[in-house]
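The values are calculated or read from the model by the stated rules, or taken from the named source; none is laboratory data. All values derive from a computational prediction rather than experimental measurement. Positions of Cβ are generated from backbone atoms using ideal geometry, with glycine treated the same way; all protein chains shown enter the neighbour counts.
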């Protein structure tokens, strides 16, 4: 069973189409929502294990427009 997680991103200003183009490079990113508030985007990801999640977050942090990440692993779904 894959590990499912949300990765919250704080970003430098970047056009949405450019952000989408960069994120499409990662198969494990299943969706991205641009949101209001302190966080700029929320990614839903599915990975095979914690090492793959760690590597994905590391790669995202290396992108020049990513200022900060926060990751929450999903332990249960209620709906």
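Give the residues of the stretch 49-61 that are surrounded by 11 or more Cβ atoms within 10 Å (Cβ to Cβ) and touching a strand residue (DSSP E or B) at 6+ places or on another chain (Cβ under 7 Å), sorted by residue number.
Residues satisfying the conditions are 50, 53, 56, 57, 60, 61.
Taking residue 14, is it outside any helix (DSSP H, G or I), in contact (Cβ under 8 Å) with a residue 24 or more places away in the chain and either in contact with a helix residue (DSSP H, G or I) (Cβ under 8 Å, 6 or more places away or on another chain) or within 14 Å of residue 72 (Cβ to Cβ) (or both)?
No: the conditions fail for residue 14.
Search the stretch 48-63 for residues that are closer than 18 Å to residue 32 by Cβ and pair each with any residue that is at pLDDT 95 or above and assigned to a helix (DSSP H, G or I) when their beta-carbon atoms are under 7 Å apart and the residues are at least 6 apart or on different chains.
63/22
Name the one entry in 79, 56, 60, 67 that is modelled with pLDDT of 95 or more and either closer than 15 Å to residue 4 by Cβ or assigned to a loop (DSSP other than H, G, I, E, B) (or both).
Result of the check over 79, 56, 60, 67: 56.
Just for the stretch 12-38: of the residues that are buried (at least 16 other Cβ atoms within 10 Å of the Cβ) and touching a strand residue (DSSP E or B) at 6+ places or on another chain (Cβ under 6 Å), which one is farthest from residue 67 (Cα to Cα)?
Only one residue fits best here, namely 28.
One residue is enough: does the stretch 67-77 have a residue meeting the conditions out of contact with any strand residue (DSSP E or B) (no Cβ under 9 Å at 6 or more places or on another chain) and under 16 Å from residue 17 (Cα atoms)?
No, that holds for no residue.
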